[in-house]
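The values are calculated or read from the model by the stated rules, or taken from the named source; none is laboratory data. Note that the coordinates shown come from a computational prediction; the quantities given were computed from them, not determined experimentally. The accessibility values were calculated without ligands, DNA or RNA, using every heavy atom of the protein model including side chains. Shrake-Rupley method; radii C 1.70, N 1.55, O 1.52, S 1.80 Å.
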Amino acid sequence: IKDSILTNVAFYDSKIRKQENEVREMEDEMEDALLNGEFVVYLQPKHNISTGAIIGAESLVRWNHPQKGLILPNKFIPLFENNGFIVKLDEYVWDETCKLMRKWMDKGGREIPVSVNVSRMHIYDSELCSKLLNITKKYNVRNELLELELTESIFIENTSVLFEIMNQIMNQGFRFSLDDFGTGYSSLSILKDVPISEIKLDREFFNEPGSRTDSKIIIKHIIEMSNALGITVVAEGVETKKISEELLEMGCSIAQGFYFSKPMPAKEFEKLLFH
Ligand code: C2E
Ligand code: CA
Ligand code: CA
Ligand code: CA
């Protein structure tokens, strides 16, 4: 028994050490990776459920590592949120996104709204509004086309400061979208206090087998209420035809999910846009 415990301890020990090494490696490499263009923006289309048409997209970052290949954000975003590097990375993603929007307008005269993720570190940054304005000005993109996704968990604390910053940004025409809607506890009160343009229903709602009927009732009422308030509802993580049909019946007409499209490199997204 003693032996097997020791083997186990050694196993966990080596596992933790491996994770620590990974973290250290990523921290050593991140700055250069940004300069070398290893971070790439993928786009996942938002579709009109009934027509299938692309009506927007979300920018999702990937790390195209020269040795390790394509790394998904769940591997590095939490680390970058801890060490503060997310602030630089997000700004890079916003810049790349506006650059692409400019390109699509020049190429096909198409204005496609794109949403970007804004991490919690950013939202208390007093420079946030001017940073955003600089980027949209640089590429001559209408502010209305850049949608800012905030996860509802950031509304737990300091909300009055937050509302002030958001109002300042909204007065410049930028739109806010509430990400992972329904996963926190503050959802409804946020809608009362902040002029949000869009909510994104988290895929947990559709993939929870146990409380299917309860979930459905809740989703249905969220959709009804949002429609009445003039808030756009996007269903995220829609993986089946059945779910997309159910959503449509409940009054939700926009979906982002694997059933319609996966996140893809800009080149592929452009093929869909200009086919
Ligand atoms: P999120 O903002 O909730 O983004 C949606 C995630 O759901 C994406 O994962 C997307 O690939 C995934 N998804 C979309 N449709 C489906 C579906 O039908 N089924 C399933 N199973 N998944 C689906 P991704 O790209 O791996 O990103 C994960 C998270 O990383 C994002 O969640 C977001 O919180 C964060 N993230 C990604 N890019 C950025 C960024 O540039 N800045 C910041 N701050 N966070 C980012
Ligand atoms: Ca998002
Ligand atoms: Ca989400
Ligand atoms: Ca999520």
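Observations on the structure shown:
- Solvent exposure of region 168-265, expressed per residue, is 50 Å² of accessible area, with all protein chains present and a 1.4 angstrom probe.
- Separation between Cα centres of region 1-46 and region 61-134, rounded to whole Å: 22
- Over the chain, relative contact order from alpha-carbon pairs under 8 Å, at least 6 apart, %: 18
- Summarising the strand pairing of the chain, around 45 percent of its internal DSSP beta bridges are antiparallel.
- Percentage relative contact order, region 1-145, counting C-alpha pairs under 8 Å, at least six apart: 19
- Beta bridges by DSSP in region 161-275, antiparallel share as percent, to the nearest 5: 0
- Solvent exposure of region 21-88 as accessible area per residue, Å², 1.4 Å probe: 49
- Listed cross-link partners 75/200; 220/241; 200/241; 131/271; 192/220 are compared with a 25 Å cut-off, the Cα-Cα value being larger for 131/271.
- Geometric descriptor of region 70-159, per residue, is 112 Å³ (volume of the convex hull of the Cα atoms).
- Atom-type composition of the exposed protein surface of the chain places 52 percent of the accessible area on carbon and sulfur (1.4 angstrom probe).
- The chain, Cα convex hull volume normalised per residue, Å³: 172
- Percent of Cα-Cα distances greater than 14 Å, calculated over region 1-60: 75
- Shape class of region 44-199 from the alpha-carbon gyration tensor: rounded, with the ratio a/c of largest to smallest axis under 1.5.
- Per residue, the convex hull volume that the Cα atoms of region 145-275 enclose (Å³): 128
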